[in-house]
Amino acid sequence: MMNNQEGIRAACLSEYVLLGALGIPDHTDKMFMKYVLSHRIPFTTAIWDEWANRNLVVYHGPSPVSDAAFYIRITAYDKRFPNSR
(Lines give C-alpha, C1' and ligand atoms only; values in the text may rest on other atoms or scores of the structure.)
Protein backbone atom coordinates (compact mmCIF):
# COMPACT_ATOMS: atom_id res chain seq x y z
CA MET A 1 0.00 0.00 0.00
CA MET A 2 2.81 2.45 0.82
CA ASN A 3 3.96 2.32 -2.83
CA ASN A 4 0.42 2.35 -4.22
CA GLN A 5 -0.20 6.01 -5.13
CA GLU A 6 -3.79 5.29 -6.16
CA GLY A 7 -4.50 3.75 -2.74
CA ILE A 8 -2.86 6.69 -0.96
CA ARG A 9 -4.94 9.16 -2.99
CA ALA A 10 -8.11 7.23 -2.10
CA ALA A 11 -7.17 7.34 1.60
CA CYS A 12 -6.48 11.08 1.36
CA LEU A 13 -9.87 11.61 -0.30
CA SER A 14 -11.48 9.92 2.70
CA GLU A 15 -9.41 12.18 4.95
CA TYR A 16 -10.66 15.21 2.98
CA VAL A 17 -14.29 14.17 3.57
CA LEU A 18 -13.66 13.51 7.28
CA LEU A 19 -11.95 16.88 7.82
CA GLY A 20 -14.90 18.58 6.12
CA ALA A 21 -17.27 16.77 8.48
CA LEU A 22 -15.17 17.99 11.42
CA GLY A 23 -15.74 21.59 10.32
CA ILE A 24 -12.66 22.43 8.22
CA PRO A 25 -13.80 24.91 5.52
CA ASP A 26 -13.65 23.54 1.97
CA HIS A 27 -11.00 26.01 0.72
CA THR A 28 -8.75 25.21 3.71
CA ASP A 29 -9.35 21.49 3.24
CA LYS A 30 -8.35 21.70 -0.45
CA MET A 31 -5.12 23.57 0.38
CA PHE A 32 -4.37 21.02 3.11
CA MET A 33 -4.86 18.13 0.66
CA LYS A 34 -2.42 19.71 -1.82
CA TYR A 35 0.07 20.02 1.03
CA VAL A 36 -0.49 16.40 2.09
CA LEU A 37 -0.14 14.96 -1.41
CA SER A 38 3.10 16.89 -2.02
CA HIS A 39 4.92 15.30 0.95
CA ARG A 40 6.76 12.02 1.21
CA ILE A 41 5.37 9.53 3.67
CA PRO A 42 5.72 9.28 6.67
CA PHE A 43 5.07 12.73 8.09
CA THR A 44 2.98 14.51 10.69
CA THR A 45 1.33 17.91 10.33
CA ALA A 46 -1.41 19.95 12.00
CA ILE A 47 -4.40 21.96 10.84
CA TRP A 48 -6.37 24.49 12.92
CA ASP A 49 -10.10 23.75 13.20
CA GLU A 50 -11.60 27.21 13.74
CA TRP A 51 -15.12 25.83 14.16
CA ALA A 52 -14.16 23.54 17.06
CA ASN A 53 -11.35 25.80 18.31
CA ARG A 54 -8.89 22.88 18.22
CA ASN A 55 -5.72 21.80 16.50
CA LEU A 56 -5.98 18.57 14.54
CA VAL A 57 -2.69 16.69 14.34
CA VAL A 58 -2.63 14.37 11.35
CA TYR A 59 -0.13 11.52 10.98
CA HIS A 60 0.38 9.84 7.58
CA GLY A 61 2.49 6.72 7.39
CA PRO A 62 2.69 2.97 7.58
CA SER A 63 0.25 1.18 9.84
CA PRO A 64 1.57 0.08 13.23
CA VAL A 65 0.25 -3.40 12.34
CA SER A 66 1.69 -3.74 8.81
CA ASP A 67 4.14 -1.69 6.74
CA ALA A 68 2.08 -2.65 3.70
CA ALA A 69 -0.95 -0.66 4.92
CA PHE A 70 -1.33 3.14 4.81
CA TYR A 71 -2.39 4.75 8.07
CA ILE A 72 -3.93 8.15 8.83
CA ARG A 73 -4.40 9.15 12.47
CA ILE A 74 -6.16 12.39 13.45
CA THR A 75 -5.83 13.62 17.04
CA ALA A 76 -7.53 16.77 18.39
CA TYR A 77 -5.80 19.10 20.87
CA ASP A 78 -7.52 21.97 22.67
CA LYS A 79 -4.67 24.42 22.12
CA ARG A 80 -2.87 26.30 19.39
CA PHE A 81 0.60 25.26 18.33
CA PRO A 82 3.29 27.77 17.38
CA ASN A 83 3.76 28.28 13.64
CA SER A 84 6.59 26.18 12.23
CA ARG A 85 9.10 27.76 9.90
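The values are calculated or read from the model by the stated rules, or taken from the named source; none is laboratory data. Keep in mind it's a predicted model, so treat the numbers as computed, not measured. Every residue, glycine among them, receives a Cβ derived from its backbone with ideal geometry; neighbour counts consider all protein chains shown.
Considering the range 13-30, and only residues there that are charged (D, E, K, R) and surrounded by 11 or more Cβ atoms within 10 Å (Cβ to Cβ), the residue that is nearest to A68 (Cα to Cα) turns out to be E15. When the range 6-63 is filtered for residues that are touching a helix residue (DSSP H, G or I) at 6+ places or on another chain (Cβ under 9 Å) and assigned to a loop (DSSP other than H, G, I, E, B), the ones remaining, listed by number, are I24, I41, E50. Look at (1) in a strand (DSSP E or B); (2) at pLDDT below 90; (3) farther than 16 Å from L13 by Cβ and you find that A68 fails only one, number (1).
Listed here are the residues, each with its yes/no results for (1) without any contact (Cβ under 8 Å) to a residue 40 or more places away in the chain; (2) surrounded by 12 or more Cβ atoms within 10 Å (Cβ to Cβ); (3) more than 21 Å from K79 (Cβ to Cβ); (4) hydroxyl-bearing (S, T, Y).
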{"site": "A11", "(1), (2), (3), (4)": "no, yes, yes, no"}
{"site": "F32", "(1), (2), (3), (4)": "yes, yes, no, no"}
{"site": "R40", "(1), (2), (3), (4)": "yes, no, yes, no"}
{"site": "A52", "(1), (2), (3), (4)": "yes, yes, no, no"}
{"site": "V57", "(1), (2), (3), (4)": "yes, yes, no, no"}
{"site": "P62", "(1), (2), (3), (4)": "no, yes, yes, no"}
